[in-house]
1. For E110, E214, give the ranking by accessible area with the largest first, probe 1.4 Å.
2. What is the extension gain from A284 to N258, computed as 0.36 nm multiplied by their sequence separation minus the C-alpha to C-alpha distance, in nm to one decimal?
3. Can you give the net charge of the other residues whose Cβ lies under 12 Å from the Cβ of A171, counting K and R as +1 and D and E as -1?
4. Starting at the first residue of segment 282-288, write each ³J(HN,Hα) from the Karplus equation 6.51 cos²θ - 1.76 cosθ + 1.60 with θ = phi - 60°, in whole Hz, x for Gly and Pro.
5. Out of residues 5 or more away from S140 or on other chains, whose amide H comes under 5 Å of its own, with H placed 1.01 Å from N in the peptide plane?
6. Given H placed on each backbone N at 1.01 Å, which residues far from R205 in sequence or on other chains put an amide H within less than 5 Å of it?
7. Using the Karplus curve 6.51 cos²θ - 1.76 cosθ + 1.60 with θ = phi - 60°, what ³J(HN,Hα) values do you get for each residue of segment 208-223, in whole Hz, with x for Gly and Pro?
8. Taking H placed 1.01 Å from N in the peptide plane, check which residues at least 5 places from D77 or on another chain put their amide H under 5 Å from its amide H.
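The values are calculated or read from the model by the stated rules, or taken from the named source; none is laboratory data. Every value quoted in this text rests on a predicted model; they were computed, and no experiment measured them. Note that we place each Cβ from the backbone using ideal geometry, even for glycine, and neighbour counts take in every protein chain shown. Heavy atoms of the whole protein, side chains included, go into the accessibility calculation; ligands, DNA and RNA do not. Shrake-Rupley method; radii C 1.70, N 1.55, O 1.52, S 1.80 Å.
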Amino acid sequence: MASDDSAKGPVRPHKRGAAEKSWYLKPEIITFGILFLALPVFGILAYRTIAFQIAEVMNSFNSHPCIFSHTDRISGDVKNWDLTGLSRSRENCGAGAKSCKDYSVVREDETFYMNICRFVMNKPNQCTQLYGGAANVPRSIGYQTADGVCYYMGQLATGKWSLLDKRNPSAGVKLTYRGGSQCDGSTDRSTHYHFECDPTAGVGRPVAVFGDCEFVVRWRTAHACPIQTSSFLSSLFWVAALVVLFLTLGFAYNVKVNHMLPDWEAVPQIHTIRHVGALVTIAAVHAWDLAVRALPALEGAGAWVRDRVPESLSSRMGFGG
């Protein structure tokens, strides 16, 4: 009596299909892979723009941020400046905190003491003697001193950034403080820092002070050179982040509310995601074929990729079956 196996007829050679493959490239996995890779990449590329936006919000709770951002109305390009490195404080002076000094400029018989984005750390001796002690000296971003004379040059809370030259943003930035000591009975002293872009200057230092009531401080520094960024990169990052958030919340909603199984089918717009992944796969494999024709040594790797393409896509690309 013939066995059951013989009754079934000759055994056909088994053709390896997707079920036997150790794993294959699902279109949805490709789409999610691109999305999750793009998110950190765009984030890194747009880091400065995003960091500046966050810093501006956080610093708005303080008296005066030490950054400035300018958006071109025509091109939309964003230029950022970070002059935090010019600000002196006891915290960033390290082990030599006690000897950390404010910036100073001598003009004839006058000495100007100043700081950037912070109050002057050490109140000059002329001021403490004139006011009867350091506690009585008004806090300021700078002091104008001479024999028996001490005037404060502006209030930290009044700090305002602007471009040094609106027609040429790359020239540098200007920082203005107002509300200093009275000058001529009706005008308060003010200080205008002119930070000029010089990539070779490093931090630099104030080199000259001009004026009597409205002080103009000239300062050449690399920190006055703009950091070129693009609002396009920032937009890509936020779009990718919103897509990830939408998919995550939609998946949770479908599982919890619609009682769907926690698998690919619970992902919102899964059919669109698969379609996008399929198009990317087709385009990538065809591009690889072109590369193999130019460099035959890549043929082995190309076969490895083809072996992991789903049958549904293989037939559409012309190398499956």
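1. Values: E110 40, E214 105 Å².
So, going from the largest accessible area down, we get E214, E110.
2. Working: separation 26, 0.36 × 26 = 9.36 nm, distance 3.58 nm.
Gain on extension, A284 to N258, equals 5.8 nm.
3. On the way: positive: K79, K166, R167, K174, R220; negative: D165, E196, D198.
Here the count lands on +2.
4. With the stated coefficients, segment 282-288 comes to 4, 5, 5, 5, 5, 5, 5 Hz.
5. For S140, whose amide H was placed from the backbone, the distant partners under 5 Å are V120.
6. R220
7. 7, 10, 10, x, 10, 9, 9, 7, 10, 9, 8, 8, 9, 7, 6, 5
8. So D77 has HN proximity to D72.
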